[in-house]
Amino acid sequence: GYDKYTLYASILGAIIGISANLIFTTKFAAIGACITVVITEVFVTLYYIFVCFKLELIKQYDLLMLKKHIVVSLPYFLLCYIPKLIFDSSILGVLIMSIVLSALYFVYSQVYILKNEMVLHAYNKLLK
């Protein structure tokens, strides 16, 4: 029964992706393509959230947790931007530092902010 929603999400993503590509890729080249992907993913995700509410698959508690996850995810932008400022000419340096910082922040956010049970269990096993 949910296949039609996946089809609608794909159509929405294709329309937004093609439109945004025409606008951003012609002006900003590779960066425009990245902007297009982000815009498309945001709209498709918002569509899926809307569908989940419409079908009552998300409860109020889940919405609060979703908001918390979104807020906790915002620093990832900085964790990928700061290495670009430090290693401006080294793509490999930016990539490695971004991965390391993101991994450290992921563990920190999951263990100390979100208190994710699965990550906490793995983290405690790792410390023993």
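A few comments on the model shown:
- When residues of segment 85-94 are limited to those that are surrounded by 14 or more Cβ atoms within 10 Å (Cβ to Cβ) and either β-branched (Val, Ile, Thr) or not in a loop (DSSP other than H, G, I, E, B) (or both), the one nearest to the chain's Cα centre (by Cα): VAL94
- On the stretch given as segment 98-112, residues that are closer than 26 Å to VAL42 by Cβ and open to solvent by less than 60 Å² (accessible area, probe 1.4 Å) total 8.
- The numbered conditions (1) open to solvent by 100 Å² or more (accessible area, probe 1.4 Å); (2) among the basic types (Lys, Arg); (3) closer than 22 Å to VAL38 by Cα are all true for LYS125 except (3).
- Exactly one residue among TYR112, TYR123 is part of a helix (DSSP H, G or I) and in contact with a helix residue (DSSP H, G or I) (Cβ under 8 Å, 6 or more places away or on another chain), and that residue is TYR123.
- Each residue in segment 1-40 was checked for being of a type outside the set (Ser, Thr, Tyr) and under 24 Å from CYS52 (Cα atoms), and 15 pass.
- The residues of segment 35-74 that are basic (Lys, Arg) and in contact (Cβ under 8 Å) with a residue 24 or more places away in the chain amount to a single one, LYS68.
- Among the residues of segment 27-48, those that are open to solvent by 40 Å² or more (accessible area, probe 1.4 Å) and within 28 Å of ASP3 (Cβ to Cβ) comprise VAL37, VAL38, ILE39, GLU41, VAL42, PHE43, THR45, LEU46, TYR47, TYR48.
The values are calculated or read from the model by the stated rules, or taken from the named source; none is laboratory data. Computed from a predicted structure; not experimentally measured. Positions of Cβ are generated from backbone atoms using ideal geometry, with glycine treated the same way; all protein chains shown enter the neighbour counts. Just the protein is used for accessible areas: all its heavy atoms, side chains included, with ligands, DNA and RNA removed. Shrake-Rupley method; radii C 1.70, N 1.55, O 1.52, S 1.80 Å.
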